[in-house]
Amino acid sequence: MNNSSPGETAQPDSKELLATEIAGIRFNNPVLTASGTCGYGLDMIELIDLNRLGGICTKGLSARPMPGNAPWRIVETHGGMLNAIGLQNIGARAFVEEKLPHLRSYDTRIIPNVFGYTIGEYIEAIEILESGEGIDGYELNISCPNVKAGGESFANDATQAAAVTRAVKKASTRPVIVKMSPNVTDLALIARAVEDAGADALSLINTAVGMSIDIYTRRPRLANVTGGLSGPAIKPIAIRCVYQAFRAVKIPLIGIGGVATVEDALEFMIAGAGAVQVGTANFYDPGASMKIVDGLAEFCNQQGLKTIRDLVGTVRLD
């Protein structure tokens, strides 16, 4: 029903404005939660309406449960935080049996984040998750050391990144989104290699490696010594990476890194991201995702846009 007054231009509803598609997955809006910041999604049900999220990227899942690192595992920093949780998780089987039945009752897309320390471990996790109903796609965390290649991260080498992508694509019946690392010398090279290996989309970026020291004890504040830096502090790096990837590949992109406001989300989309993930902001403002969803609709109406998709990759260089 059109509720506009005579002489006014009717504005599309927010669902029409914000609906988007990434890797064949239709999202009600382009705002997702980032892996590791909302547990398995159900952790947030008393704080936000999951039905209003475009999607949920779960905490990283491995084939078998993992206990994670010893404390301290999180350190607050200027403009963000360092974490070295160590990918603690309940395992893919427990997720399918205990979490997924509840998650799929919500009108949001479910994207398990998956990791392993060998290609075989990735495949094992995917094979377990393939039995789960209601999963829309997978996000591959390739920023893990390949223990069969001297411990070098899959994400840091184009050949290894392509190999794990190709193997997972072969094992999966669902779209595969590869999560890129900023800790590389040539992101475009690796992005193209992953695209050529069959990735359906890229999400970027994962955390940047950082370190913090207690000046009185002269010891690292994290038991693991280094950790992943996230939050507003890394947003300029993430924007640059999205901008570079948009010009390097043809597959869709999801932007991550310091998304806390609608302005942040818009910046990522103009740089080339078709959707964004809200991460660290969830810890200090659980309602950030909801505010961004509302803000995107308001911006589109103000700008006279028929769809949020019209913003993607529209950065001007002249």
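Observations
- The slack between residue 130 and residue 170, meaning 0.36 nm per residue of separation minus the straight C-alpha distance, is 13.2 nm.
- Relative contact order computed over segment 14-311 (Cα-Cα under 8 Å; 6+ residues apart), in percent: 21
- When GluC sites (Glu not before Pro) are flagged only if DSSP places them in a loop and at most 14 other Cβ atoms lie within 10 Å, the longest unflagged stretch of the chain comes out as 153-318.
- The phi torsions of segment 77-88, fed into the Karplus equation with coefficients 6.51, -1.76 and 1.60 and a -60° offset, translate into couplings of 10, 5, x, x, 8, 9, 9, 9, 4, x, 6, 4 Hz, rounded to whole numbers, with Gly and Pro shown as x.
- Dividing the mean sequence gap of close Cα pairs (under 8 Å, 6+ apart) by how many residues segment 16-107 holds gives a relative contact order of 25 percent.
- A simple spin-label model places the labels of residue 159 and residue 298 5.2 nm from each other, with each point 7 Å out along Cα-to-Cβ.
- Applied to segment 258-268, the Karplus parametrisation 6.51 cos²θ - 1.76 cosθ + 1.60 on θ = phi - 60° returns per-residue 3J(HN,Hα) values of x, 6, 10, 9, 5, 4, 4, 4, 5, 4, 4 Hz, with x for Gly and Pro.
- Fully extended contour minus Cα-Cα distance, from residue 51 to residue 306, at 0.36 nm per residue: 89.5 nm
- Using alpha-carbon coordinates, inclination of helix 288-303 to the longest axis of the chain, degrees: 40
- For the residue pairs 170/250; 99/306; 15/170; 99/235; 170/235; 99/179, the C-alpha atoms sit more than 28 angstrom apart in 99/306; 15/170; 99/235; 170/235.
- Candidates 37, 185, 58: whichever shows maximal mean-square fluctuation once the chain is modelled as a Gaussian network with Cα springs under 10 Å: 185
- Helix 187-196 axis, angle to the chain major axis (alpha carbon atoms, nearest 10°): 80
- Across segment 124-141, computed HN-Hα scalar couplings (Karplus, 6.51 cos²θ - 1.76 cosθ + 1.60, θ = phi - 60°) run 4, 5, 4, 4, 5, 5, 4, 7, x, 8, x, 7, 9, x, 10, 10, 8, 7 Hz from first to last residue, x flagging Gly and Pro.
- For the chain, the antiparallel share of DSSP beta bridges with both residues in that region comes to about 40%.
- Between residue 16 and residue 213, the FRET efficiency estimated from the beta carbon spacing at R0 = 51 angstrom works out to 0.50.
- Angle in degrees between helix 158-171 and the longest Cα principal axis of the chain, rounded to the nearest 10: 70
- For segment 14-311, a simple Cβ point-charge model (Lys and Arg +1, Asp and Glu -1, everything else neutral) yields a dipole of about 500 debye relative to the Cα centre.
- Radius, Kirkwood style, for segment 160-318 when every pair of distinct Cα atoms is counted (Å): 16.9
- Long-range amide H partners of residue 86 with built H, under 5 Å: 69
Read-outs: derived from the displayed coordinates by stated rules, not from any lab. These numbers were taken from a predicted model, which means no experiment stands behind them. Neighbour counts run over all protein chains shown; Cβ positions are idealised from the backbone, glycine included.
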